[in-house]
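Asker: Supplied in structure tokens, the structure appears directly below.
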Amino acid sequence: MQTTVGIIGAGPAGLLLARLLRNAGIDSVTLESRDRAYVEDRQRAGILEQGTVDALRSAGVAERMDRAGMVHDGIELRFDRSTHRLDFPALTGGRSVMVYAQTEVVKDLISRQLTGGIPLLFEAQVRSVEGADTDQPLVRYLHEGREKTLTCDYVVGCDGFHGVTRNAVPESVRTTYERSYPYSWLGILAQAPPVYDELIYTHSERGFALASMRSPAVSRLYLQVPNGTDPTDWPDGRVWDELDARFAVDTDPGWKLERGHVSSKAVLPMRSSVTEPMRFGSVFLAGDAAHIVPPTGAKGLNLAVSDVIVLARALIHEQNSGSTELLDAYSDTCLRRVWRAEHFSYSMTTMLHKDPAQSAFDTRLQLSQLHRVVNSRHAAAELAENYTGLPIG
Ligand code: APR
Ligand code: PHB
């Protein structure tokens, strides 16, 4: 098989890239190792920055998002048993975010891909990418029990943190910068109305908690837990009791969350990682294949989207003008935004979580920073601008 752009991985990065290229008349083939049901059912985050929303609309895949997504104009920060709201449009000159699950974005992109006839193969596991330093890179993959090859002009690794494309960049030119955190998240999906009509990020003596949502009837809730936590040590009753304790505020002492059936429960590790450069010869990396963030600022999906917007623009420019100027700038252009998001995710994470080695001094510093964020317009605007998303490219 032969194509212009070989895309590895059908997460949001790969799927949106294929769509953007198709809209510009550039052909691609996407290879995904899992089956369709698995890809569509994965539980991930659910906050879309304004730029992500705009990109999905202009790509023509926003119809269901515009019906079911919920526009949020702010978040709550809870600490010291009191609650404070940040008003995003007021702080950013009109920007807000959309609450719409990544898994729904993926379903919308897949159904559009398949009805639009863009080649997308499920259960096609890529084994290796060869010839990154040539102008005809080759992808070897297993499909229907046979080893096959895909010859391309460009290969884009959208194959996530555990993907194989990164290995096509020789170790001598590749650097990975990493940080892991001494805590994880226990996430649940519950058939219970959201705690409040916006997200609540809570700093408490007992650790971090986050109340998010998937719809007016479904809550997505997270608790900070120690690394290595076994979810079976957290029966539903224990999760709800702990959420009640962490979200408690003095102004409403008897307040409790409305409980409901818990349909999923999992522990997520917290890690930051960036691989540089994001391009080697005719091979590009995008999304989680190049970088991951801890989930505290919900930047993962949004970074994947901004990478492929920059890349699609560059590939289209090359196709139309013959100039590789934007392709040559791809890695540097993306990495500036990636490192900003890494810093933001790191600051949100360390401001809100309780490190097991934390001293009382460290806790006072966290509280001082939280007070600053809710009392200074400048500090609040800095958080709001990062949260709602900085310009792409
Ligand atoms: N061959 C083919 N496909 C592969 C291979 C392989 N060898 N290895 C991985 N994949 C597929 C995975 O099965 C997955 O569907 O690549 C896809 C990568 O998708 P994501 O992990 O969703 O990554 P990305 O598209 O970059 O989206 C980033 O996902 O992890 C979240 O928080 C993150 O929200 C962010 C978003
Ligand atoms: C989610 O809804 O899953 C979510 C929301 C905000 C975050 C992280 C996850 O910061």
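Asker: Quantify, in whole percent, the carbon and sulfur part of the accessible surface of the chain (1.4 Å probe; protein heavy atoms only).
Answerer: 48
Asker: Taking only Cα atoms of the chain, what ratio of Rg to Rh do you get with Rh as the Kirkwood inverse-distance radius?
Answerer: Checking Rg against Rh, the ratio lands at 0.98.
Asker: What order, most packed first, do the peptides 80-88, 176-184 have when packing is the mean number of other Cβ atoms within 10 Å of each residue?
Answerer: Descending mean neighbour count gives 80-88, 176-184.
Asker: Show me, for the range 370-380, the HN-Hα J-couplings you get by feeding each phi into the Karplus relation (A = 6.51, B = -1.76, C = 1.60, θ = phi - 60°), rounded to Hz, glycine and proline as x.
Answerer: 5, 4, 4, 4, 8, 10, 10, 4, 5, 5, 5
Asker: Sort 300-313, 17-30 for me by packing, meaning the mean count of neighbouring Cβ atoms within 10 Å per residue, highest on top.
Answerer: Ranking, from highest mean packing down: 300-313, 17-30.
Asker: Out of all DSSP beta bridges in the chain, what portion is antiparallel? Express it as a percent rounded to 5. Could the numbers behind the result be given before it?
Answerer: Details: 57 of 75 bridges.
Just about 75 percent of them are antiparallel.
Asker: What is the distance in Å between the Cα centroid of the range 333-362 and that of the range 1-68?
Answerer: Comparing the Cα centres of the range 333-362 and the range 1-68, I get a distance of 28 Å.
Asker: Run the numbers for Thr134 and Glu258: contour at 0.36 nm per residue of separation, minus the present Cα-Cα distance, in nm.
Answerer: Residue separation times 0.36 nm, minus the Cα-Cα distance, leaves 38.8 nm.
Asker: So how far apart, in nm, are the two label points at Asp328 and Arg372 if each is 7 Å from Cα heading toward Cβ?
Answerer: Each label point is offset 7 Å from its Cα along the Cβ direction, giving 4.1 nm.
Asker: On to the next question. If the label point is 7 Å along Cα→Cβ of Asp197, which residues in the range 231-263 have backbone nitrogen under 15 Å from it?
Answerer: Of the residues in the range 231-263, none has backbone N under 15 Å from the label point off Asp197.
Asker: Also, quick follow-up: Probe of 1.4 angstrom, ligands and nucleic acids ignored: what's the accessible area per residue over the chain, in square angstrom?
Answerer: Working: 16720 Å² over 393 residues.
Heavy-atom SASA per residue in the chain reads 43 Å².
Asker: Report, by chain and number, residues whose modeled amide H sits under 5 Å from the one on Ala124, excluding near sequence neighbours (fewer than 5 apart, same chain).
Answerer: For Ala124, the qualifying residues are Glu32, Ser33, Arg34.
The values are calculated or read from the model by the stated rules, or taken from the named source; none is laboratory data. Source: prediction; values computed, not measured. All Cβ positions, even for glycine, are placed from backbone atoms using ideal geometry, and neighbour counts span all protein chains on display. With ligands, DNA and RNA removed, areas are computed over all heavy atoms of the protein, side chains included. Shrake-Rupley method; radii C 1.70, N 1.55, O 1.52, S 1.80 Å.
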